[in-house]
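The values are calculated or read from the model by the stated rules, or taken from the named source; none is laboratory data. Small disclaimer: the values here were computed from a predicted structure and weren't measured. We place every Cβ from the backbone using ideal geometry, glycine too, and count neighbours over all the protein chains shown.
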Amino acid sequence: MQSSGVTVQDDAVKAYNDLKIGKKYKFLIYKLTSDLKEIQVASSVEQGTYDDFVASLPANECRYGVFDFEYETG
């Protein structure tokens, strides 16, 4: 995002790492700040389903989302 001039807030990076490494969140929703210069956390959810994730996305506003899918290999 650096070439676009948009930066990611430190809290947004920390939340992602907490989801990825610490398994603290089931999903995260990010949005642009009102001045369109930074990406910030809009919501962080510790427990929920994929349907909850989809339902939390607004119909007519841009959002970025990360969902921690569980799967089995074998």
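Considered as a group, the residues in region 31-71 that are polar (S, T, N, Q) and assigned to a loop (DSSP other than H, G, I, E, B) include one that is surrounded by the fewest Cβ atoms within 10 Å (Cβ to Cβ), and that residue is N60. For I29, the test of being in contact with a Gly (Cβ under 6 Å, 6 or more places away or on another chain) and either of a type outside the set (A, V, I, L, M) or touching a residue at least 12 places away in the same chain (Cβ under 8 Å) (or both) is passed. Give me a count of the residues in region 16-36 that are among the aliphatic types (A, V, I, L, M) and within 20 Å of A55 (Cα to Cα). Within region 16-36, residues that are among the aliphatic types (A, V, I, L, M) and within 20 Å of A55 (Cα to Cα) number 4. For region 1-14, give me each residue that is more than 10 Å from the chain's Cα centre (by Cα), at pLDDT 95 or above and either assigned to a helix (DSSP H, G or I) or exposed (fewer than 13 other Cβ atoms within 10 Å of the Cβ) (or both). Passing the criteria: D10, D11, K14. When the residues of region 15-28 are filtered to those that are in a helix (DSSP H, G or I) and in contact with a strand residue (DSSP E or B) (Cβ under 9 Å, 6 or more places away or on another chain), the one that is nearest to Q47 (Cα to Cα) is L19.
Residues in region 32-53 that are in contact (Cβ under 8 Å) with a residue 12 or more places away in the chain and acidic (D, E): E38, E46, D52. For F53, the conditions (1) over 24 Å from V6 (Cβ atoms); (2) in contact with a Lys or Arg (Cβ under 9 Å, 6 or more places away or on another chain) are fulfilled apart from (1).
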